[in-house]
Every structure is written in structure tokens, then in C-alpha cells.
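Chemist: Dumping the structure here so I can ask a few things about it.
Each value in this text was obtained by applying a stated rule to the coordinates, not by laboratory testing. Note that the structure is a prediction, hence the values are computed from the model and not measured. Don't worry about glycine lacking a Cβ; one is built from the backbone with ideal geometry, like all the others, and counts go over all protein chains shown.
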Amino acid sequence: MPMRLHTPMPSLDGVTEWINAQVDLDQYQGKPLLVYFWAMSCHICHENMPKLQAWREKYAPKGLQIVAIHCPRMQADTDINKVKQAVAEYGITEPCGIDNQHKLKKAFENDLWPAYFVFDREGNLKRRAAGKAGLSMLEPTIEDLLQN
């Protein structure tokens, strides 16, 4: 069963390594947060990266925080050096956690790639979506959170 709306955001303690920056959830208190799961072997994830980059440029100045979680779909996805190359290739500049042990995948009750979770200023799940069209379903929620 997927994580229910209004559920508090799970801990990110399962991350084994951070790329770009270390994350402390306290730094996101009082701010809307988009957490997205992706994998190197996920072609839909790659296709959606330009949209995420555009959102970063559009919404980060308005207060949206973004955290990426690389969650491997297969053994080849667990190579940290290749993940670092992919982070650079896809222009991921936000903190990117490595979830090679699938601890965050379990904490977020997530079985999909890509998967997107939007948390409100209080840290509660406001919206979740997945797949190719997932991002289009999130934008109204993000815009609403940034207005309040």
C-alpha cells in the first residue's frame, strides 16, 4: 500500500551516501519539499529530468526544496561512481541520496520509478505521483503550496 496523504515525511536515515550535499531534514522545516526517486536504468526517469531541472529554476527561488533519491532497480545501478556520473550527466544539482539498501524505498512505501512525493510546510505528504505523467499531476499542488 502506498504512503497515505498527510503522513509525516519519513526519515532519510537509510541513505548510505550523499552526492552534492548532505541533508538534514531540519533544514527543510517550514518549506515545501519535493522528494523524487530515480534510477540509472529507468528511461522514464531520464526523460523527466529536464522537467525537474525547469522546476528547480522556476520554483526553488519561490521556496521549493528538492531532494533526489537514487534507488537501484538492478545490481548495475548500485555502482556509486556510475551514479555520480549520471548525476552530473542529468544535471542533478540538488542533494542526491543513495538508497542501495532500499531502506528509503521501504520507508516511503515506494515500488515505482520514477516516484515523486510532495510534502507541505509542516512536513506532511500533500501529493504523490509516479511514472511518465507523474510530474504533470504535481505542479498544481506545488504552485498551491508556494502561494500559502
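Chemist: What fraction of the DSSP beta bridges in the chain is antiparallel, stated in percent and rounded to the nearest 5?
Modeler: 60
Chemist: For K132, give me every one of the aspartates and glutamates with a C-alpha distance below 12 angstrom, ignoring sequence neighbours fewer than eight places off in its own chain.
Modeler: By straight Cα distance, K132 reaches E47.
Chemist: Cysteines of the chain lacking any other cysteine beta carbon under 4.7 Å?
Modeler: Those would be C71, C96, since no other cysteine Cβ in the chain comes under 4.7 Å of theirs.
Chemist: A follow-up question, please. What's the magnitude of the charge dipole for the chain around its Cα centre, counting Lys and Arg as +1 and Asp and Glu as -1 at the beta-carbon? Answer in Debye, nearest 20. Write out the running numbers ahead of the final one.
Modeler: Working: 17 positive and 18 negative charges, 52 e Å.
Computed charge dipole of the chain: roughly 260 debye.
Chemist: Something else about it: Within 10 Å of each candidate Cβ there may be at most 12 other Cβ atoms; applying that plus a DSSP loop requirement, which chymotrypsin sites (Phe, Trp or Tyr not before Pro) in segment 19-69 survive?
Modeler: Details: sites: Y28, Y36, F37, W38, W55, Y59; in loops: none.
Sparse-neighbourhood loop chymotrypsin sites (Phe, Trp or Tyr not before Pro): none present.
Chemist: Sticking with this structure for a sec: What is the angle, in °, between the Cα long axis of helix 43-59 and the longest principal axis of the Cα atoms in the chain? Nearest 10 is fine, range 0 to 90.
Modeler: Tilt of helix 43-59: around 40 degrees.
Chemist: Would you calculate, for the chain, the mean residue ellipticity at 222 nm contributed by helices, counting each DSSP H stretch of 4 or more residues as -39,500 (n - 2.57) and dividing by all residues, to the nearest 500?
Modeler: Values: 4 runs with 46 residues, N = 148.
Using -39500 (n - 2.57) per qualifying helix, the result is -9500 deg cm²/dmol.
Chemist: Using the alpha carbons of the chain, what is the convex hull volume per residue in cubic angstrom, as a whole number?
Modeler: Values: hull volume 14.6 nm³, N = 148.
Each residue corresponds to 98 Å³ of Cα convex hull volume.
Chemist: Mean-square fluctuation check for the chain, GNM, Cα pairs under 10 Å: which of D79, D99, D26 is largest?
Modeler: Most flexible of the set in this elastic network: D26.
Chemist: So, one more: Over 29 Å between Cα atoms, which of K58/K106; K106/K126; K62/K103; K51/K106; K84/K105 qualify?
Modeler: Numbers: K58/K106 31 Å; K106/K126 19 Å; K62/K103 31 Å; K51/K106 26 Å; K84/K105 20 Å.
Violating the 29 Å limit, Cα to Cα: K58/K106; K62/K103.
Chemist: Under 5 Å between amide hydrogens, which residues at least 5 positions from E17 or on another chain qualify, with H placed 1.01 Å from N in the peptide plane?
Modeler: For E17, whose amide H was placed from the backbone, the distant partners under 5 Å are I98.
Chemist: What value does segment 19-90 have for Rg/Rh, both radii from Cα atoms and Rh as Kirkwood defines it?
Modeler: Numbers: Rg = 13.1 Å, Rh = 13.3 Å.
Ratio of gyration radius to Kirkwood radius: 0.98.
Chemist: What list of ³J(HN,Hα) values in whole Hz, one per residue of segment 10-25 in order, does the Karplus curve 6.51 cos²θ - 1.76 cosθ + 1.60 (θ = phi - 60°) give from phi, with Gly and Pro shown as x?
Modeler: Values per residue, Gly and Pro as x: x, 5, 9, 4, x, 5, 8, 7, 10, 10, 6, 6, 6, 10, 10, 4 Hz.
Chemist: I've got another one for you. For I66, what residues show an amide H to amide H distance below 5 Å, using hydrogens built from the backbone and excluding near sequence neighbours?
Modeler: When sequence neighbours closer than 5 places are left aside, the close amide H contacts are L34.
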